[in-house]
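Visitor: Got a structure for you, questions after.
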Amino acid sequence: RKVLLPEPIVEDFSAKCLDSSPAGYFIREQDPSKWIVMIDGGGLCIDAWDCRRRAETPHGSSKDWPSSWDPQAVPFTSGRSAFFADFSQIFVPYCSGDLWLGQDRAKRLIIGELQMSGHLILNAVVEHLMNTTKLRRSSLVVFAGASAGGIGVFHHADWISSKLHSLGIAPRTVVLPIAGLFFPERWPVLWEEFRMGVEVPVDGFMASWCHLLEGSFLHEGCVANATAAKRPVRECQDVSKILPLLKAEVFIFQNQFDQYQANHLGLCPPDLCNASTDVASRAGQYLQLFGRRSKETLQATIQTRPRLGVLAPSWFDHTNQLEREIAGDGQGVSGWSFAELFAAWLDGQQIHLLADACAGGPCPQAAHRSNSLVV
């Protein structure tokens, strides 16, 4: 069922969508000891015109949200073997256009007299759940998000435990970012520059623009670290800067050849960069570079944080196949299901599955293998 936040909470927290309509969530209460809170994805708006257009859609307004969610549209609700099928389930739609990082309490001209309040929405939702549900009885909370939601989850990975503790409960809290690694180290490299022999990443520019536009809430440990080193805090917009500083229990589910990052950030056209790209072509070499940098980023993180879980297929995909795996409808990765690996990780086993590439490039989804699994 849909729950729109009550007006006093909306005003108190400024928990509003881009168009100032009230934020909210969908809830299915089941086992009170186990909860999953899933925050939605859906890109971001990048200028005033883009934000105003988004504000007229369900990704910028709650006015046209349905009264209940589509069970097939949320990964933990479908599939007989869905790991989270018996959990109490919270799905928080994404209506702020800001990667869940905005802190606006008023409208701003730079985004078209709208507001970005994703962080404030999360704060309000957690408070409301504590006061209206059995969340206080939880012993396990999984905080998950896909794409833009995955970015938001990374930045709030340590915040969520602190927030729950401040409200008087201390469940085991684990974090599940799905396709949220924006960006791997030294990425994105623009396709048009790469084809001319230039491999200089533009991650700094992209992170700076997002931070300027959103006034972002950023991972607090990264901000403190950057401040102490007298570096600009905007660098923390880049998730790769957060990874070594995470204190939370984190299980990363990430394609090494993320389709969105290749086509929409690196700007390699889909007819050149796709699942069937010839690895010997210039576009194939571009994807090989991307895959290497994704894998190297995850491997470096494992070296510093061996307790962190990693499941990294080598598919050319953004979220579709990953969400199918979580729903229990997928084919598995290197012979393992998401449910098996996530359960083993929760039980304390090391899970580092970085699937091998196919001749250096992405693999067909039916042709997965790995020599890199630690269980």
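The values are calculated or read from the model by the stated rules, or taken from the named source; none is laboratory data. Note that the structure is a prediction, hence the values are computed from the model and not measured. As a convention, Cβ positions derive from the backbone with ideal geometry for all residues, glycine included, and neighbour counts pool all protein chains shown. These accessible areas exclude ligands, DNA and RNA; they are computed on the full protein's heavy atoms, side chains included. Shrake-Rupley method; radii C 1.70, N 1.55, O 1.52, S 1.80 Å.
Visitor: Would you confirm whether any residue within segment 29-52 is part of a strand (DSSP E or B), surrounded by 20 or more Cβ atoms within 10 Å (Cβ to Cβ) and among the aromatic types (Phe, Trp, Tyr)?
Guide: yes
Visitor: Name the residues in segment 361-373 that are modelled with pLDDT under 95 and either in contact with a helix residue (DSSP H, G or I) (Cβ under 9 Å, 6 or more places away or on another chain) or outside any loop (DSSP other than H, G, I, E, B) (or both), would you?
Guide: Matches in segment 361-373: GLN365, SER372, LEU373.
Visitor: Of all residues in segment 323-355, how many are open to solvent by 20 Å² or more (accessible area, probe 1.4 Å) and either of a type in the set (D, E, K, R) or in a helix (DSSP H, G or I) (or both)?
Guide: Residues flagged as open to solvent by 20 Å² or more (accessible area, probe 1.4 Å) and either of a type in the set (D, E, K, R) or in a helix (DSSP H, G or I) (or both) within segment 323-355 amount to 8.
Visitor: Name the residues in segment 220-262 that are of a type outside the set (A, V, I, L, M, F, W, C), open to solvent by less than 20 Å² (accessible area, probe 1.4 Å) and either under 29 Å from ASP356 (Cβ atoms) or not in a helix (DSSP H, G or I) (or both), would you?
Guide: Answer for segment 220-262, where residues must be of a type outside the set (A, V, I, L, M, F, W, C), open to solvent by less than 20 Å² (accessible area, probe 1.4 Å) and either under 29 Å from ASP356 (Cβ atoms) or not in a helix (DSSP H, G or I) (or both): ASP238, SER240, GLN254, ASN255, GLN256, ASP258, GLN261.
Visitor: Could you figure out which of (1) open to solvent by 30 Å² or more (accessible area, probe 1.4 Å); (2) modelled with pLDDT of 95 or more isn't true of ASN320?
Guide: (2)
Visitor: Among (1) of a type in the set (D, E, K, R); (2) over 27 Å from ALA144 (Cβ atoms); (3) in contact with a His (Cβ under 9 Å, 6 or more places away or on another chain), there is one condition ASP258 misses while meeting the rest; what is its number?
Guide: (2)
Visitor: Here is a list: ILE169, ILE160. Which entry is touching a residue at least 60 places away in the same chain (Cβ under 8 Å) and not basic (Lys, Arg)?
Guide: Only one candidate qualifies: ILE160.
Visitor: Would you pick out the residues in segment 227-251 that are more than 18 Å from ARG186 (Cβ to Cβ) and at pLDDT 95 or above?
Guide: Within segment 227-251, THR227, ALA228, ALA229, LYS230, LEU245, LEU246, LYS247, ALA248, GLU249, VAL250, PHE251 qualify.
Visitor: Assuming ASP203 fulfils every condition listed in (1) in contact with a Phe, Trp or Tyr (Cβ under 6 Å, 6 or more places away or on another chain); (2) at pLDDT 90 or above apart from one, which condition is it?
Guide: (2)
Visitor: Which ones in segment 263-314 are out of contact with any strand residue (DSSP E or B) (no Cβ under 9 Å at 6 or more places or on another chain), open to solvent by less than 10 Å² (accessible area, probe 1.4 Å) and either in a loop (DSSP other than H, G, I, E, B) or aliphatic (A, V, I, L, M) (or both)?
Guide: Of everything in segment 263-314, those that are out of contact with any strand residue (DSSP E or B) (no Cβ under 9 Å at 6 or more places or on another chain), open to solvent by less than 10 Å² (accessible area, probe 1.4 Å) and either in a loop (DSSP other than H, G, I, E, B) or aliphatic (A, V, I, L, M) (or both) turn out to be CYS268, ALA283.
Visitor: Related question: Anything in segment 88-125 that is part of a helix (DSSP H, G or I), open to solvent by 10 Å² or more (accessible area, probe 1.4 Å) and in contact with a Leu (Cβ under 7 Å, 6 or more places away or on another chain)? List them, or say none.
Guide: ILE110, HIS119
Visitor: For segment 210-218, does any single residue satisfy the condition of being assigned to a helix (DSSP H, G or I), of a type in the set (A, V, I, L, M) and open to solvent by 50 Å² or more (accessible area, probe 1.4 Å)?
Guide: Checking segment 210-218: at least one residue is assigned to a helix (DSSP H, G or I), of a type in the set (A, V, I, L, M) and open to solvent by 50 Å² or more (accessible area, probe 1.4 Å).
Visitor: Next up: Being at pLDDT 95 or above and of a type in the set (S, T, N, Q) is the requirement here; does SER96 meet it?
Guide: Criteria met by SER96.
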